[in-house]
Amino acid sequence: MYREIAKFISYGNIPEDSILYRLGDIFRQFDEGNASDAQLTREIYEQVHRLLALATDYGFDGNLWQNYLTFLLITDENPFSITCEKVGANDGSVNEFAKNDFRAAMNLFHFDFGPIEKALGINVFTVLTHYKAVVKKDLMYNHAVSAKVRALSEKLAAAKDENEFFDLMTDFYKAYGVGMFGLNKAFRISDTDDKVVFHPINNMEVVHLSDLVGYEEQKKQLVENTEAFVEGRGANNCLLYGDSGTGKSTSIKAIVNEYYDRGLRMIEIYKHQMKDISTVISMIKNRNYRFIIYMDDLSFENFEIEYKYLKAVIEGGVETRPDNVLIYATSNRRHLIKEDWADRDDMESSAGIHRSDTVEEKLSLVNRFGCQINYSKPNQKEFFTIVKELAHRSQIPMSDEELEKEANIWELRHNGMSGRSAQQLINHLRGLSKE
């Protein structure tokens, strides 16, 4: 095994603490007789434990060893794989280096674990290569990643030579990309030791625009803007503003779900992280994806200055925002920054000599969103329509008249009329149902 690993050129930067490298070192010790059987067995079990944990996280099944190797290949960001992501496989000498790596990978795919199992009296590799996973709910792992890894793994295992292996890998890179951006829909960030790190969101809600009842004009505007963005045409930063519980956040999640296969990705950034926006953009601007930087429930108090970072990034900074990045934000306030009575034209203030400048400063942020979509609370008729449609989808056995009566009582006792309130009512009615 370690001899094949040593042949990697393009993929030579796989971490040395990876399961692959650790197992390679174990097999080297086995061949050289430098460790006791007990020590080798213990070290093998440690790596098997790591592999099982990874398989659980990603829902791998069948041949976990081949699933793991496939996962390594499609997540390794190197000059060859990133170039294939952008333009596909082109003629060049680098292809020969890649095919050399893929010959080694094919040998690892079909590695014979029999000798070490027989020598140590274990069967863990036999179990791993014929694994039957416990059925899990999709929210417990990243279903989209799991499906892609398992499908590609089966094709790679059946490849007759390195040329077919090469075609399968480069086609995958071109279609889905490489690394975490190629596999995942959405991300959060953290700032660790002054370094921005991306973290995939594995349990993002699977929601579609059709799940949001009503708001057809709002959804149409959002789709038109996103469609233009994905196709590389002119598109605007987008602000979804209005009453709470009306589906603003749901609409953006739905957009990401529906355009994921066309290269759309989302990075969620919180208000306290706005100082990192420029760094985030510099890390994604040359990738072959379209990124929405998503800010939920965005608003600022008078004393908060984080909005200045956002203003500079959207429009007005020295560096031009790249074409593959847009800002999508939701807010209950249209103007985003809290306004005082002193900001009103009909109010006098001794400190308001340059009141117009103050107001313009506060409005300049929202004016940088070229697409502004209003989500207002439904009227009573619209609220009843939402409740009835959600009830029918949930197969709640109540007449329209009964549903309207329940809706009246619910909105009076709870959070008024909104899509969120309607969904909460449906959850309540489903809880009462004994079927």
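The values are calculated or read from the model by the stated rules, or taken from the named source; none is laboratory data. For clarity, every value in this text was computed on a predicted model and none was experimentally measured. When we count neighbours, we look across all protein chains shown, and the Cβ atoms used for this are built from the backbone with ideal geometry, even at glycine. Protein only, heavy atoms only, side chains kept; ligands, DNA and RNA dropped before computing areas. Shrake-Rupley method; radii C 1.70, N 1.55, O 1.52, S 1.80 Å.
Exactly one residue out of Ile201, Ile284, Ile255 is surrounded by 19 or more Cβ atoms within 10 Å (Cβ to Cβ), closer than 30 Å to Leu72 by Cβ and either under 15 Å from the mean Cα position of the chain (by Cα) or free of Cβ contacts under 8 Å to residues at least 40 places away in the same chain (or both): that is Ile284.
A residue that is open to solvent by 20 Å² or more (accessible area, probe 1.4 Å), more than 20 Å from Trp65 (Cβ to Cβ) and modelled with pLDDT of 85 or more can be found somewhere in segment 98-107.
The set of residues in segment 45-60 being open to solvent by less than 50 Å² (accessible area, probe 1.4 Å) and of a type outside the set (Val, Ile, Thr) consists of Gln47, Leu51, Ala53, Leu54, Ala55, Tyr58, Gly59, Phe60.
Here segment 82-97 is the region considered, the condition is being assigned to a helix (DSSP H, G or I), open to solvent by 40 Å² or more (accessible area, probe 1.4 Å) and charged (D, E, K, R), and the residue that is nearest to His143 (Cα to Cα) is Lys86. Residues of segment 1-44 being surrounded by 12 or more Cβ atoms within 10 Å (Cβ to Cβ), over 17 Å from Tyr68 (Cβ atoms) and polar (S, T, N, Q), which ones? Listed by number, the residues that qualify are Ser10, Gln29, Gln39, Thr41. Consider segment 175-198 and keep the residues that are in contact (Cβ under 8 Å) with a residue 12 or more places away in the chain and open to solvent by 30 Å² or more (accessible area, probe 1.4 Å). The one that is nearest to Arg265 (Cα to Cα) is Lys185. Looking across Ala55, Ala6, Ala105, one residue alone is out of contact with any Phe, Trp or Tyr (no Cβ under 9 Å at 6 or more places or on another chain) and not polar (S, T, N, Q). It is Ala6. Sort out which residues of segment 71-81 are crowded, with 19+ Cβ neighbours inside 10 Å and aliphatic (A, V, I, L, M), and write them in order of number. Across segment 71-81, the qualifying residues are Leu73, Ile74.
The numbered conditions (1) in a loop (DSSP other than H, G, I, E, B); (2) within 20 Å of Ala159 (Cβ to Cβ) are all true for Phe102 except (1). Please verify whether Ala158 is among the hydrophobic types (A, V, I, L, M, F, W, C) and at pLDDT 90 or above, treating the condition exactly as stated. Spelling it out, Ala158 is indeed among the hydrophobic types (A, V, I, L, M, F, W, C) and at pLDDT 90 or above. If the condition is being over 25 Å from Asn415 (Cα atoms), in contact with a helix residue (DSSP H, G or I) (Cβ under 6 Å, 6 or more places away or on another chain) and at pLDDT below 90, then segment 196-233 contributes Pro200, Asn203. For segment 132-154, a residue qualifies if it is buried (at least 17 other Cβ atoms within 10 Å of the Cβ) and either of a type in the set (Phe, Trp, Tyr) or modelled with pLDDT under 90 (or both), and the qualifying residues are Tyr141, Asn142, His143, Ala144, Val145, Ser146, Lys148. Scanning segment 342-366 for residues that are outside any loop (DSSP other than H, G, I, E, B) and either modelled with pLDDT of 90 or more or open to solvent by 80 Å² or more (accessible area, probe 1.4 Å) (or both) turns up Ser356, Asp357, Glu360. Would you be able to say whether some residue in segment 9-20 is assigned to a helix (DSSP H, G or I) and modelled with pLDDT of 90 or more? Yes, there is a match, as at least one residue in segment 9-20 is assigned to a helix (DSSP H, G or I) and modelled with pLDDT of 90 or more.
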